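Everything on this sheet refers to the single structure shown next.
What follows is calculated from the coordinates using simple rules that are stated; it is not laboratory data. As the structure is a prediction and not an experimental result, all values here were calculated from the model. Note that each Cβ is placed from the backbone with ideal geometry, even for glycine, and that neighbours are counted across all protein chains shown.
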Amino acid sequence: MSSLNTLGQRFADSLHAASLKAATVVLQEEHENKIHVSGAGRTLTQAYEQLRNAAEYTEEHLLLQRAIHRFYRRTFLPKDETLAGSSGEELVIELTLAGYLQNDTVAAGVVPKINKLARDYFLAQTKYGKDAWGIDVLAVEIEQLLNYDIKRDIFVQFAYDYFLRAIDREKLLGGSDPNYELALFVAVHRSLLKSDPATIRSAMLGRYKQEPLSASYGKTNEMLDGILDSPAVDKAQRFISKHGAALRILSRLIDEEDDVSVLLQSREQFLVAFEKQIIDEYTRIDSRINRGILKSVIFLIITKFIIGIAIEVPYDYWAHGEILWLALAVNLLFPPIYMVLLRFTLTLPGANNTTALTDTIDSLLYGKEQTTRFSYGTSSGFGTAFNIAYGLLFVVIFGAASYGLMQLGFSALHLLIFFVFLSTASFLGFRLSRQIREIEAGDSQQNGVSMIRDFLYIPFVVVGRWMSEKYSRVNIVAMTLDMVIELPLKTVLHLLRQWGSFIASKKDEL
């Protein structure tokens, strides 16, 4: 077929409507006054943000949201409703100085909207006592107010409609689930957009038209808590992750092209543009992996330095009367070097993958509309012997590494720190490798190098993932930076800006 099918045409129509709406908004904002921020403190603020983002190691598309979240965590500390309800301009100033917003781009009319959101969610958090229902959603809402892209919502709806039709829910879940459609919506967000729980909660609250001060806000959030943690979401997420490569490329395409709705009307032109987007994505992922390796190295060094000063050095003096420099050096240098070596095992897909992705999107948008045939098997038939061998793998690798390090004079504490950082590095490397897996149309093929790599580092990845989940909840390094540097730094810069405004007012009186 050379024309769009029903699903594809509905997608094109929605994108076209979004383009018209965006053009109208741009025209309206051209005539509004913009907020101008003086450059005082810009260099210092941006330098700190780079350090803070390296310490947290979050996804790039979540950095603005996390910065807003940190601002309101400080703002909500005094528990002052008036302060929260008048924080909009200060937020815009801080985000501009930090480099998240371009100067003279935020309309002055946005500030009252931010103030209202901050006040409402402050009251909601005060009432319910849960960050997830208050400040977390507030950060998402304000980010969308400052940097909203309706095309993202259109893409989510398109992907949701496709998988809702294409997936056999009985085979996927092994039964029925009354909340399957909500679980599928969550899984689409997580798998294709890497949305965090706050972003997903905000989107679902929007679908239910829930405001923070509405009577049913609490009950709706309780229901969403159950959905976000449901087994159905996990199953759907794994399934969509495996079969979503072509849709991820489509998402990038609609982000970068001015009007994909026009391209979609010509099958030939669209497929050429889609194939070009795949090639561009290969290049982009290669660069992202390199940046990810650098960020991981910085993250590991910062964290290890803090732990070394706080724990390892004092322990050495207490237990041994001196610093064990070899153990300290190995624990500091090996994980970053290990991360760099992992980079050489990560290879991008080839031409066959490009062809497979193009064929998939061609069938999805222009092919006959019928239920897509997927494999729903959750087990590959591996028996108890493989599970026992997998368990022994953990014991052998950790045991061999421990024995070797003990021969170098490592104590129990040094071993613990070594395995913590090696497991963290392994998991960070695994997350980077997933970027390649996410654009592969089928199951990834392993060569000898990748098989040896996986054999040796999978046990550390498993441990690193467990630690990452715990660490993300209680990030000691990030909390230290927030309390020791960010809070006093941002407070001093705020006072300096106020003093500058006071001096300027006095000059005007002369």
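Once R0 is set to 56 Å, what does the formula 1/(1 + (r/R0)^6) return for the Cβ-Cβ distance between Phe305 and Lys368, expressed as a FRET efficiency to the nearest 0.05?
Details: r = 59 Å, r/R0 = 1.06.
FRET efficiency, Phe305 to Lys368: 0.40.
Pick out, from Ala425, Ile154, Ala356, the residue whose Cα sits farthest towards the positive end of the charge dipole of the chain, with +1 on the Cβ of Lys and Arg and -1 on the Cβ of Asp and Glu.
Of Ala425, Ile154, Ala356, it is Ala425.
Report, in debye and to the nearest 20, how large the dipole of the range 153-255 comes out about its Cα centre when Lys and Arg carry +1 and Asp and Glu carry -1 on their Cβ. Show your work: numbers first, answer last.
Numbers: 14 positive and 13 negative charges, 65 e Å.
In total the dipole reaches around 320 debye.
Across 5 Å bins from 0, what is the distribution of all Cα-Cα pair distances for the range 162-240, in whole percents?
3, 15, 28, 23, 16, 10, 4, 1, 0
Are there any chymotrypsin sites (Phe, Trp or Tyr not before Pro) in the range 261-357 that are in a DSSP loop and have at most 13 other Cβ atoms within 10 Å? List them by number. Don't skip to the answer; put the middle values down first.
Working: sites: Phe270, Phe274, Tyr282, Phe299, Phe305, Tyr315, Tyr317, Trp318, Trp325, Tyr338, Phe344; in loops: Phe344.
Qualifying residues, ordered by number: Phe344.
Please sort 289-296, 483-490, 233-240, 420-427 by packing, taking for each peptide the average over its residues of neighbouring beta carbons within 10 angstrom, highest first.
Numbers: 289-296: 17.9, 483-490: 14.4, 233-240: 20.0, 420-427: 23.0.
For the peptides 289-296, 483-490, 233-240, 420-427, the packing ranking is 420-427, 233-240, 289-296, 483-490.
Which of the GluC sites (Glu not before Pro) across the range 255-325 are loop residues per DSSP, with 10 or fewer other Cβ within 10 Å? Spell out each step's value before the answer.
Values: sites: Glu256, Glu257, Glu268, Glu275, Glu281, Glu312, Glu322; in loops: Glu257, Glu322.
In loop regions of the range 255-325 (DSSP not H, G, I, E or B), the sparsely surrounded GluC sites (Glu not before Pro) are Glu322.
Compute the semi-axes of the equivalent ellipsoid of the chain, taking the square root of 5 times each eigenvalue of the Cα gyration tensor, and list them largest first in whole Å.
Values: eigenvalues 283, 270, 98 Å².
With the √(5λ) rule applied to the chain, the semi-axes are 38, 37, 22 Å.
Could you put Thr24, Thr58, Thr354 in order, starting from the residue whose Cβ has the fewest other Cβ atoms within 10 Å? Walk me through the numbers on the way to the answer.
Values: Thr24 10, Thr58 15, Thr354 19.
Least to most surrounded, the residues fall as Thr24, Thr58, Thr354.
Could you work out how far the C-alpha centroid of the range 320-346 sits from that of the range 6-34, in angstrom?
51 Å
Hey, for a label at Lys116 modelled as a point 7 Å past Cα toward Cβ, could you say which residues of the range 207-223 have their backbone N under 15 Å away?
210-214
What whole-number distance in Å separates the alpha-carbon centres of the range 293-313 and the range 96-124?
34 Å
Using only helices, what value at 222 nm comes out for the chain when you add -39,500 (n - 2.57) per DSSP H run of length 4 or more and divide by the total residues, to the nearest 500 deg cm²/dmol? Before the final figure, lay out each step's value.
Numbers: 24 runs with 373 residues, N = 510.
That comes out to -24000 deg cm²/dmol.
Taking a 18 Å limit on the Cα-Cα distance, which of the listed pairs Lys276/Lys368; Lys171/Lys242; Lys130/Lys490; Lys113/Lys151; Lys79/Lys130; Lys21/Lys276 fall beyond it? Please report the intermediate quantities before stating the final value.
On the way: Lys276/Lys368 25 Å; Lys171/Lys242 16 Å; Lys130/Lys490 25 Å; Lys113/Lys151 22 Å; Lys79/Lys130 14 Å; Lys21/Lys276 27 Å.
Violating the 18 Å limit, Cα to Cα: Lys276/Lys368; Lys130/Lys490; Lys113/Lys151; Lys21/Lys276.
Would you order His61, His189 from fewest to most other beta-carbon atoms within 10 Å of each residue's own beta-carbon? It would help to have the intermediate numbers written out before the result.
Numbers: His61 14, His189 25.
Sorted ascending by nearby Cβ count, the order is His61, His189.
Let's see if you can work this out: charge +1 on each Lys and Arg Cβ, -1 on each Asp and Glu Cβ, no other charges. What is the dipole magnitude of the chain about its Cα centre, in debye to the nearest 20?
Working: 52 positive and 57 negative charges, 153 e Å.
Dipole about the Cα centre, nearest 20: 740 debye.
Kindly put Thr283, Thr384, Thr105, Thr303 in sequence by how many other C-beta atoms sit within 10 Å of each C-beta, fewest to most. Don't skip to the end; give the middle numbers.
On the way: Thr283 10, Thr384 7, Thr105 13, Thr303 22.
Lowest count first: Thr384, Thr283, Thr105, Thr303.
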